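Take a look at the structure set out below.
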Amino acid sequence: QVQLVESGGGLVQPGGSLRLSCAASGSIFSTYTVGWYRQAPGKQRELVAGLTNTGSTNYADSGRGRFTISRRNAKNTAYLQMNHLKPEDTAVYYCNARDPGTGWFGSVGSWGQGTQVTVSS
């Protein structure tokens, strides 16, 4: 099973950018589908962006055009570049790695501990 550690969160003003990183260890990272999810206070966790092991992407409408998911398998790391951030992007962001073909939903696979993103002036 893969272990995941997120980093890169913080406080940013509206319109700003952040890049989140997800460092993986313990398994062959390149074989997994990776995803970034977020959970705001009082809301359910939701998919932000996903990237399969074959390079297919899936973006939530909320982030499409502003967020970009990527991975560097040689570094066992996945990234989420977030531009033009809005206050409604404020949430804890989680990295997930799961076996291919298991879809995008549910609490399957491995999860990191989360990193807080706060968008506020």
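Select, from 108, 117, the only residue that is free of Cβ contacts under 8 Å to residues at least 60 places away in the same chain and surrounded by 12 or more Cβ atoms within 10 Å (Cβ to Cβ).
Of 108, 117, the one residue that is free of Cβ contacts under 8 Å to residues at least 60 places away in the same chain and surrounded by 12 or more Cβ atoms within 10 Å (Cβ to Cβ) is 108.
What residue, among those in the range 86-109 that are at pLDDT 95 or above and touching a Leu at 6+ places or on another chain (Cβ under 7 Å), is farthest from residue 1 (Cα to Cα)?
It comes out as 93.
Just to verify a result, which residue in the range 43-54, among those that are at pLDDT 95 or above and farther than 14 Å from residue 95 by Cα, is least open to solvent (accessible area, probe 1.4 Å)?
43
I'd like the full set of residues that are more than 16 Å from the chain's Cα centre (by Cα) and over 16 Å from residue 78 (Cα atoms), limited to the range 1-45.
Across the range 1-45, the qualifying residues are 1, 11, 12, 13, 14, 15, 16, 41, 42, 43.
Name every residue in the range 81-103 that is surrounded by 16 or more Cβ atoms within 10 Å (Cβ to Cβ) and more than 12 Å from residue 32 (Cβ to Cβ), in order of residue number.
Listed by number, the residues that qualify are 82, 85, 89, 90, 91, 92, 93, 94.
Assuming residue 78 fulfils every condition listed in (1) among the aliphatic types (A, V, I, L, M); (2) open to solvent by 20 Å² or more (accessible area, probe 1.4 Å); (3) under 10 Å from the mean Cα position of the chain (by Cα) apart from one, which condition is it?
(2)
The values are calculated or read from the model by the stated rules, or taken from the named source; none is laboratory data. Keep in mind it's a predicted model, so treat the numbers as computed, not measured. Heads up, the Cβs are rebuilt from the backbone with ideal geometry, glycines too, and the neighbour counts pull from every protein chain shown. We work out accessible area using only protein heavy atoms, side chains counted, and drop any ligands, DNA or RNA first. Shrake-Rupley method; radii C 1.70, N 1.55, O 1.52, S 1.80 Å.
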